[in-house]
Structure formats: structure tokens, C-alpha cells
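**Student:** Just dropping this structure here.
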Amino acid sequence: MLSSLSLLQSMALSLRGVSSNPARLRLRSHARGAMLGLALGDALGATVEFLTPREIRKQYGRHDRIRGGGWLRLPPGQVTDDTTMAFALAEAWLLNRHAPSDEDYARAFDTWMRGKPVDIGNTVRRGIVRFRNTGQACMPLSEDAGNGACMRCAPTALVLLGAPSDTIARATLSQARVTHHHPLTDAATLTVVNMVQAGILGSAAGAGLRTVMAQANLLAREFPLFRFRGKAAENPSGYIVDTMRVVLQAIDLNDNFESALIQVVNCGGDADTTGAIAGMVMGALHGEAGLPERWLRDLNRDAWRRCIDYADGLIERSPAWQRL
Ligand code: MN
Ligand code: MN
């Protein structure tokens with residue numbers, strides 16, 4: 001009796017959150033698409049992280065299912081630091097009523113590192129250890145242009161959907177610079193936040209991919225290193241330029257989530273991270289219903305649940321949601 005009562009209560013609660021407003025339902029589906037897309041790309045790519053395209057072909061033919069393994073010897077469907085750092089970033093928002101400060105972000109990442117994550121990048125570790133030792137939550141400008149700030153950025157895009165662009169830029173750089181502070185990582189991370197937001201908002205207007213790619217084109221115009229049309233990029237390192245070129249090519253050339261993600265991870269290299277970034281953008285664009293069911297079925301259940309809970313919590317706090 002007690003459990004059926006609490007079941008009813010939780011149904012009533014979730015019904016209140018659901019809202020029958022179709023525009024809100026759409027936002028929520030696309031917010032979930034972004035978080036689940038990130039996790040799926042991470043779980044899919046982790047199998048082939050650090051392999052070359054040739055090694056992938058030899059081992060798997062075409063790698064196109066959630067199978068675990070890889071250098072981390074993961075169970076099928078497990079996610080890595082790319083997704084769990086995004087969870088930490090989501091918590092920095094959801095555990096605070098106000099917008100997080102630099103220190104709130106740093107504390108969230110510190111808590112994440114204390115949880116003994118399955119993997120952790122050198123630049124990320126350095127930034128968090130520096131915060132522990134000095135209390136400084138913003139890295140000084142450095143030469144290190146790794147992809148670790150970009151891979152985790154989806155929650156900022158969701159919670160600030162519809163916010164003024166300077167608010168979005170400030171929050172994006174604040175979370176990024178806990179660990180990464182370089183003009184190229186700043187620009188790429190802000191671009192990916194903008195692409196996720198364009199995916200969610202543009203899909204309603206039927207202009208999804210065009211508005212998403214408009215952001216990519218702006219990046220390539222401002223920093224020609226990121227130019228992505230032409231010769232196929234492969235075997236990307238963790239350098240943000242290599243990572244982004246593989247991701248942008250795949251988004252540019254594929255009109256659905258599944259084929260974009262398969263293209264990205266089969267390029268090898270830092271495949272969990274290219275998968276995560278392509279996944280958050282393509283998931284935002286196509287929504288929860290655009291994600292392959294067979295991959296969702298094989299995603300780790302705890303990660304799946306947290307993606308949904310965080311996506312819902314973040315998008316309901318966004319100015320775009322509040323206005324509907
Ligand atoms: Mn990873
Ligand atoms: Mn990686």
C-alpha cells in the first residue's frame with residue numbers, strides 16, 4: 001500500500017513536471033537527446049579509443065554496436081570520464097539554486113575525481129589538483145589545447161537555453177577554465193554549446209542542421225585551423241583541433257544520429273570523446289526518438305537514468321522553458 005501510494009505520488013510529481021505543453025515536451029525530448037547522445041557516443045567510442053582506423057577494420061570490420069572492451073576493458077554500455085564529468089557539471093547546477101561560481105565547478109570536478117573515475121585526462125587532473133592545492137578555480141592561459149573541457153559541456157547548453165549570449169559565454173568559459181585555458185579550447189567549447197542549442201531550437205523551426213552548421217562555419221572562419229571540409233580527418237588526437245575536425249565532418253555529412261556516430265568512432269583515435277561531442281550535438285538535433293533503440297538498450301542503466309534526470313532538471317531551469 002505504502003509503495004503503491006508513493007508510486008502514485010511520484011507519478012503525480014512526474015506528471016506535473018511533464019506538462020502537456022507540446023513545445024515543452026519537444027524541448028525535453030531534445031535535451032534528453034543531447035545527454036543520452038553524449039553517453040551513447042562515449043560508450044560506443046570507448047571500445048576503439050586509441051585504435052587506428054585500420055586496426056578497427058581488422059578487429060571489427062565496421063564498429064557499430066555497443067560492445068564494451070577497449071583499453072579500459074569496459075563492460076558493454078559503460079561510459080567514461082566524458083559522460084561522468086558532464087554529470088558532475090550538471091550537479092554543479094542542480095545542487096545550487098544560483099548559477100555556479102568558478103569554485104562551484106571546481107568543487108564538482110574535485111568530488112568527481114574523488115569518486116575514482118575509470119579514466120581521467122592529464123590536463124583535467126592537473127587542473128583539479130591545482131584547485132585542491134591552491135583554491136584557484138581558473139587555470140592561467142596555457143599551451144595545452146586538449147578536448148577535455150569541450151567533451152563535458154552539454155549541461156551548460158541545456159540549462160542556459162534561451163539565455164543572453166554573454167551569460168552563456170561566461171558560464172561556458174568558467175567551467176572550461178577549471179582545467180583548460182587556451183583560445184582554441186575556449187572557442188571550440190563555446191561553439192559546441194552553441195551547436196547543441198541550435199540543434200534543440202533549430203529543429204523546431206525545421207532548420208536544424210543548417211543552424212547547427214552555421215556555428216561550425218563561424219568557428220572555421222575565425223580560426224582556420226578548424227576548417228573541416230575536404231580531406232577526411234582520421235585518427236584524431238586529444239588536441240581540440242583534431243577532435244573537432246572529425247566531429248564537424250561527420251555532422252556535416254550525415255543526416256542521422258546513427259550514421260554520424262558510426263563515422264566518427266570508426267575514425268579511431270580519441271574515439272570516446274569524438275563520439276561524445278558528436279553525440280551531444282546530433283542528439284540535441286534529433287531528440288530522444290532519433291537515437292537508435294538497440295544502442296539505448298545496451299547503455300548502462302545508471303548512466304541512462306542519470307542522463308534523463310539531469311536533462312529534465314536542467315532544461316526545466318532554462319529561460320527557454322520558463323518562457324513557454
Ligand atoms: Mn573518456
Ligand atoms: Mn577520450
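The values are calculated or read from the model by the stated rules, or taken from the named source; none is laboratory data. The shown structure was predicted, so the numbers you read here are calculated from the model rather than taken from an experiment. All Cβ positions, even for glycine, are placed from backbone atoms using ideal geometry, and neighbour counts span all protein chains on display. SASA here: full protein model, heavy atoms, side chains in, ligands and nucleic acids out. Shrake-Rupley method; radii C 1.70, N 1.55, O 1.52, S 1.80 Å.
**Student:** For the list (1) hydroxyl-bearing (Ser, Thr, Tyr); (2) part of a helix (DSSP H, G or I); (3) open to solvent by 30 Å² or more (accessible area, probe 1.4 Å), I need the number of the one condition that Thr274 fails.
**Tutor:** Going through (1) hydroxyl-bearing (Ser, Thr, Tyr); (2) part of a helix (DSSP H, G or I); (3) open to solvent by 30 Å² or more (accessible area, probe 1.4 Å) one by one, Thr274 breaks only (3).
**Student:** Is it true that Phe223 is farther than 23 Å from Arg125 by Cβ, touching a residue at least 12 places away in the same chain (Cβ under 8 Å), surrounded by fewer than 24 Cβ atoms within 10 Å (Cβ to Cβ) and of a type in the set (Phe, Trp, Tyr)?
**Tutor:** On the way: farther than 23 Å from Arg125 by Cβ: yes; touching a residue at least 12 places away in the same chain (Cβ under 8 Å): yes; surrounded by fewer than 24 Cβ atoms within 10 Å (Cβ to Cβ): yes; of a type in the set (Phe, Trp, Tyr): yes.
Here the answer is yes, as Phe223 does meet what is asked.
**Student:** To continue, here is another question. Inside segment 278-301, can you point out the residues that are touching a Ser or Thr at 6+ places or on another chain (Cβ under 7 Å) and either part of a helix (DSSP H, G or I) or within 16 Å of ligand 1 (Cβ to nearest atom) (or both)?
**Tutor:** Initially, segment 278-301 is screened for residues touching a Ser or Thr at 6+ places or on another chain (Cβ under 7 Å), giving 285, 287-289.
Once the filter is applied, which keeps residues that are touching a Ser or Thr at 6+ places or on another chain (Cβ under 7 Å) and either part of a helix (DSSP H, G or I) or within 16 Å of ligand 1 (Cβ to nearest atom) (or both), segment 278-301 yields Leu285, Glu288, Ala289.
**Student:** For Ala207, only one of the following conditions fails: (1) touching a helix residue (DSSP H, G or I) at 6+ places or on another chain (Cβ under 7 Å); (2) open to solvent by less than 70 Å² (accessible area, probe 1.4 Å); (3) small (Gly, Ala, Ser); (4) more than 16 Å from Met151 (Cβ to Cβ). What is its number?
**Tutor:** It fails just one condition, (1).
**Student:** Here's another thing I want to ask about it. Does segment 159-173 include one or more residues that are open to solvent by 40 Å² or more (accessible area, probe 1.4 Å) and touching a Cys at 6+ places or on another chain (Cβ under 7 Å)?
**Tutor:** No: segment 159-173 contains no residue that is open to solvent by 40 Å² or more (accessible area, probe 1.4 Å) and touching a Cys at 6+ places or on another chain (Cβ under 7 Å).
**Student:** Out of (1) of a type in the set (A, V, I, L, M); (2) buried (at least 24 other Cβ atoms within 10 Å of the Cβ); (3) assigned to a helix (DSSP H, G or I), the odd one out for Met213 is which?
**Tutor:** All conditions are met except number (2).
**Student:** Restricting to segment 272-324, name every residue that is of a type in the set (Gly, Ala, Ser), on the phi < 0 side of the Ramachandran plot and within 15 Å of the chain's Cα centre (by Cα).
**Tutor:** Once the filter is applied, which keeps residues that are of a type in the set (Gly, Ala, Ser), on the phi < 0 side of the Ramachandran plot and within 15 Å of the chain's Cα centre (by Cα), segment 272-324 yields Gly275, Ala276, Ala278, Gly279, Gly283, Ala284, Ala303, Ala311.
**Student:** Of the conditions (1) assigned to a helix (DSSP H, G or I); (2) over 19 Å from Val264 (Cβ atoms); (3) in contact with a helix residue (DSSP H, G or I) (Cβ under 8 Å, 6 or more places away or on another chain), Arg221 satisfies every one except a single condition; which number is it?
**Tutor:** Evaluating Arg221 over (1) assigned to a helix (DSSP H, G or I); (2) over 19 Å from Val264 (Cβ atoms); (3) in contact with a helix residue (DSSP H, G or I) (Cβ under 8 Å, 6 or more places away or on another chain) leaves (3) as the failure.
**Student:** Let me ask another. I need every pair where a residue in segment 143-158 that is under 10 Å from Met280 (Cα atoms) and aliphatic (A, V, I, L, M) has its Cβ under 8 Å from the Cβ of a residue that is open to solvent by 10 Å² or more (accessible area, probe 1.4 Å) and within 15 Å of ligand 2 (Cβ to nearest atom), sequence separation at least 6 or different chains.
**Tutor:** Within 8 Å, the pairs are Met151/Asp81.
**Student:** Has segment 66-83 got at least one residue that is within 24 Å of Pro155 (Cα to Cα), within 21 Å of the chain's Cα centre (by Cα), charged (D, E, K, R) and within 16 Å of ligand 2 (Cβ to nearest atom)?
**Tutor:** Yes, because at least one residue in segment 66-83 is within 24 Å of Pro155 (Cα to Cα), within 21 Å of the chain's Cα centre (by Cα), charged (D, E, K, R) and within 16 Å of ligand 2 (Cβ to nearest atom).
**Student:** Testing Thr191 on (1) in a helix (DSSP H, G or I); (2) over 18 Å from the mean Cα position of the chain (by Cα), one condition comes back false. Which one is that?
**Tutor:** (2)
**Student:** Considering Val192, Val241, which residue is surrounded by fewer than 23 Cβ atoms within 10 Å (Cβ to Cβ), among the hydrophobic types (A, V, I, L, M, F, W, C), in contact (Cβ under 8 Å) with a residue 40 or more places away in the chain and within 16 Å of ligand 2 (Cβ to nearest atom)?
**Tutor:** The match here is Val241.
**Student:** How do the helices (runs of 4 or more DSSP H) wholly within segment 37-134 filter down when requiring 1 or more residues that are crowded, with 23+ Cβ neighbours inside 10 Å: which remain? Working first, answer last.
**Tutor:** Working: elements: 53-60, 81-94, 102-114, 122-134.
Filter on segment 37-134 gives 81-94, 102-114, 122-134.
**Student:** Of the residues Ala108, Ala46, Ala92, only one is of a type in the set (A, V, I, L, M) and either within 16 Å of ligand 1 (Cβ to nearest atom) or under 25 Å from Asn256 (Cβ atoms) (or both); which?
**Tutor:** So the residue among Ala108, Ala46, Ala92 that is of a type in the set (A, V, I, L, M) and either within 16 Å of ligand 1 (Cβ to nearest atom) or under 25 Å from Asn256 (Cβ atoms) (or both) is Ala46.
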